[in-house]
Amino acid sequence: MAGDDDYVYDDKTGEWRPASEMAAEAAALDLVRDSAGNVLADGDSVTLIKDLKVKGANQTLKQGTVIRSIRLTGNPDEIDCRHETIKGLVLRTEFVRKR
């Protein structure tokens, strides 16, 4: 049987699956998505979909506020960004929509 090394055992399903298929699924899981399911990348602009109180800044970011030039973190649920008045801001992706 040729191509035996192209299959990998999947612990979740208990089956032998093609390595390329498993790699594609792993890459899809690493994508960072906004609240609408759009893929986010470094440098994108996002809009807040909800008023957010900022801890430690005693300020509220209003719905519709545009945040420019985001940076992705190691966590697919969070993005690092800057606002005019708040430096080092980390937002959850569930509260933003890609512009």
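Could you list, in sequence order, the residues of segment 38-66 that are of a type in the set (Gly, Ala, Ser) and within 17 Å of Gly88 (Cα to Cα)?
Gly43, Ser45, Gly56, Ala57
Would you be able to tell me the number of residues in segment 54-99 that are charged (D, E, K, R) and more than 16 Å from Asp34 (Cβ to Cβ)? First the steps, then the outcome.
So the first thing to find is which residues in segment 54-99 are charged (D, E, K, R), and the list is 55, 62, 68, 71, 77-78, 80, 82, 84, 87, 92, 94, 97-99.
Still in the list and also more than 16 Å from Asp34 (Cβ to Cβ): 55, 62, 82, 84, 87.
Residues meeting the conditions: 5.
Hey, any hits in segment 68-79 for a residue that's of a type in the set (A, V, I, L, M, F, W, C) and modelled with pLDDT under 90?
The answer is no; no qualifying residue exists.
Could you figure out which of (1) within 27 Å of Arg99 (Cα to Cα); (2) of a type in the set (Gly, Ala, Ser); (3) more than 20 Å from the chain's Cα centre (by Cα) isn't true of Ala24?
For Ala24, the failing item is (3).
Pick from Lys55, Lys50, Lys62: which is under 20 Å from the mean Cα position of the chain (by Cα) and basic (Lys, Arg)?
Lys50
Considering only segment 39-64, state which residues are modelled with pLDDT of 95 or more and of a type in the set (S, T, N, Q).
Ser45, Thr47, Gln63
The values are calculated or read from the model by the stated rules, or taken from the named source; none is laboratory data. From a predicted model like this one, the values you see are computed outputs, not experimental measurements. All Cβ positions, even for glycine, are placed from backbone atoms using ideal geometry, and neighbour counts span all protein chains on display.
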